[in-house]
Amino acid sequence: MTTPDLPEQLAEIREDFLGLEVRERLQLLLEFSNELPELPERYRDHPDLFERVEECQSPVFIFTEVDDARIVHLFAIAPKEAPTTRGFASILVQGLAGLTVEEVLAVPDDYPQTIGLTEAVSPLRIRGMTALLGRAKRQVREKIAA
Amino acid sequence: MAVEVDSAAQFTEFAHPERLVSGDWLEAHLGTPGLVVVESDEDVLLYETGHIEGAVKIDWHTDLNDPVVRDYIDGAGFAKLLGSKGIGRDTTVVIYGDKNNWWAAYALWVFTLFGHEDVRLLDGGRAKWEAEGRAYTTAAESATPVDYPVVERDDSKIRAYKDDVLAHLGNPLVDVRSPEEFSGERTTAPAYPEEGALRAGHIPSAQNVPWAKAVAEDGTFKPVPELDAIYRDGAGLKDGDSIVAYCRIGERSSHTWFVLTHLLGFEGVRNYDGSWTEWGSTVRVPIVKGSEPGAVPAK
């Protein structure tokens, strides 16, 4: 399967996961989980800006920002007791970093199903990541329409 | 060769106190031959972030569910799984997990379908273990494989199918979901379709007792007088009743199944694991909306 249009970081993340045994994929997801960036200072006291991703079993909140250069910035908060959800959020935060509005909106909605995690964490759980991506894209659309 | 039971005072009132162990007991018994500790969580990565020393991990999605059919693994699959985790048929198993032992209770219920006799919960699960400042390790899982016999599941005693529930109408039903799910309210905006069931509401005559009512602040099970007030006085359950509990997919209700069966001593409690995701999408089954249980429909 080739998807030439997939942004570089997202393609790399996918290759990294697919190159591992199923059990090791969980370890990589854990590494992503540990790497979820802290919120920048300016957003720390603004829980109101963040949208809860209801489809995830654990509380996870996201917020997207589009800067003057039409670059998308995704921020996410998830508790340490929910490492899987943190890992999903972290993959998207890193995978979408530096992308333009158009590039983010062009990311295939089924990207979460293509990175080899469905088997490792179950199809039901991967829905949470699909929802994260879907909501991030919807926020971007709303921001550029505003 | 069962490992001795925890005779801690807080468990003696329960109908089957041998089904619970405390953190003190577990810490003192870690490494005892014949004991295997199992972690079972909602979050599939939580074990990797730190777990009780020597514990093995069993995940409800990837280990206990059949990967194709909506069902549990079969006898051969269960034997392979448990054997690989170092669990023999006579092994004493203590299960613990996140979210007030929600998924731990689910795993215990599945073990019971296969008739694994000595399976217990760590009262309070991960939260209490952590609150008590007890240790975790991030060591990789290591278990010496053993032989577990192939024993087929017995679904007849503690599991209910949809047709069993239809035949059961008129007997007590406990819906352990949130009040919003019970009444059939939809709070989600149209842009976010709710997954899992086509219709909302509850099975007629079901009493709504959200599962977590059985749990105290610290994550342990409430004492018998408080549980009696909830389930006997509140939901009207009586000794001798045939009871079916359900939720959305049968996990929260296996927690209630544990409470009713092992803590309060009700016999013949069944968990309807098809639950709302099956009932709410089934053609022409009766449904009641609103916060009242509603009447049993005429057959």
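Against the numbered list (1) buried (at least 17 other Cβ atoms within 10 Å of the Cβ); (2) within 14 Å of another protein chain (Cβ to nearest Cβ); (3) under 21 Å from the mean Cα position of the chain (by Cα), B:Arg70 comes up short only at (1).
One residue stands out among those in segment B:20-31 that are more than 21 Å from the chain's Cα centre (by Cα) and among the small types (Gly, Ala, Ser): the one that is surrounded by the most Cβ atoms within 10 Å (Cβ to Cβ), which is B:Ala28.
Kindly establish whether B:His51 is within 14 Å of chain A (Cβ to nearest Cβ) and crowded, with 21+ Cβ neighbours inside 10 Å.
Numbers: within 14 Å of chain A (Cβ to nearest Cβ): yes; crowded, with 21+ Cβ neighbours inside 10 Å: yes.
Yes: the conditions hold for B:His51.
Look at (1) without any contact (Cβ under 8 Å) to a residue 40 or more places away in the chain; (2) of a type in the set (Gly, Ala, Ser); (3) within 20 Å of B:Thr256 (Cβ to Cβ); (4) open to solvent by less than 30 Å² (accessible area, probe 1.4 Å) and you find that B:Ser178 fails only one, number (4). Which of the residues belonging to segment A:24-44 are within 18 Å of A:Ala97 (Cα to Cα), open to solvent by less than 30 Å² (accessible area, probe 1.4 Å) and either within 9 Å of chain B (Cβ to nearest Cβ) or out of contact with any strand residue (DSSP E or B) (no Cβ under 9 Å at 6 or more places or on another chain) (or both)? Hits for segment A:24-44 are A:Leu29, A:Phe32, A:Ser33.
Which ranges mark the helices (runs of 4 or more DSSP H) fully within segment B:204-299 that have 2 or more residues being closer than 23 Å to B:Ala127 by Cβ?
Details: elements: B:224-228, B:252-258, B:275-279.
Ranges flagged: B:224-228, B:252-258.
Every residue, every condition in (1) open to solvent by 10 Å² or more (accessible area, probe 1.4 Å); (2) closer than 30 Å to B:Thr12 by Cβ; (3) among the acidic types (Asp, Glu), yes or no:
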position	(1), (2), (3)
B:Ser242	yes, yes, no
B:Tyr246	no, no, no
B:Ile249	yes, no, no
B:Gly265	yes, yes, no
B:Tyr272	no, no, no
B:Lys289	yes, no, no
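When restricted to residues that are away from chain A (no Cβ under 14 Å), among the hydrophobic types (A, V, I, L, M, F, W, C) and either more than 20 Å from B:Thr261 (Cβ to Cβ) or free of Cβ contacts under 8 Å to residues at least 60 places away in the same chain (or both), segment B:6-48 contains 9. Across segment B:59-72, which residue is modelled with the lowest pLDDT among those that are touching a Phe, Trp or Tyr at 6+ places or on another chain (Cβ under 9 Å) and not hydroxyl-bearing (Ser, Thr, Tyr)? Per the criteria, the residue is B:Trp60.
Just give me the residues in segment A:110-129 being open to solvent by 20 Å² or more (accessible area, probe 1.4 Å), within 14 Å of chain B (Cβ to nearest Cβ), without any contact (Cβ under 8 Å) to a residue 40 or more places away in the chain and not aliphatic (A, V, I, L, M), in sequence order. Result: A:Thr118, A:Pro123.
Candidates in segment A:70-84 are the residues that are among the β-branched types (Val, Ile, Thr) and more than 10 Å from chain B (Cβ to nearest Cβ); of these, the one that is nearest to A:Glu38 (Cα to Cα) is A:Ile77.
Filter segment A:45-69 down to residues that are in a strand (DSSP E or B), farther than 17 Å from A:Ala97 by Cα and within 14 Å of chain B (Cβ to nearest Cβ) and give me whichever is least open to solvent (accessible area, probe 1.4 Å).
Pass one, segment A:45-69, residues in a strand (DSSP E or B): A:51-52, A:61-66.
If we keep only those that are farther than 17 Å from A:Ala97 by Cα as well, we get A:51-52, A:61.
Those still in the list that are within 14 Å of chain B (Cβ to nearest Cβ) too: A:51-52.
Values: A:Glu51: 31, A:Arg52: 88 Å².
Ranking the qualifying residues of segment A:45-69, first place goes to A:Glu51.
Evaluation of A:Arg14 against the conditions (1) modelled with pLDDT under 90; (2) outside any loop (DSSP other than H, G, I, E, B); (3) away from chain B (no Cβ under 14 Å) shows that the sole unmet condition is (1).
Taken over segment B:1-19, the criterion of being surrounded by 12 or more Cβ atoms within 10 Å (Cβ to Cβ) and within 17 Å of B:Asp228 (Cβ to Cβ) is satisfied by B:Gln10, B:Phe11, B:Glu13, B:Phe14, B:Ala15, B:His16, B:Pro17.
The values are calculated or read from the model by the stated rules, or taken from the named source; none is laboratory data. Computed from a predicted structure; not experimentally measured. Please note: Cβ atoms are built from the backbone with ideal geometry, for glycine as well, and neighbour counts cover all protein chains shown. Side chains included, ligands, DNA and RNA excluded: accessible areas come from the protein's heavy atoms. Shrake-Rupley method; radii C 1.70, N 1.55, O 1.52, S 1.80 Å.
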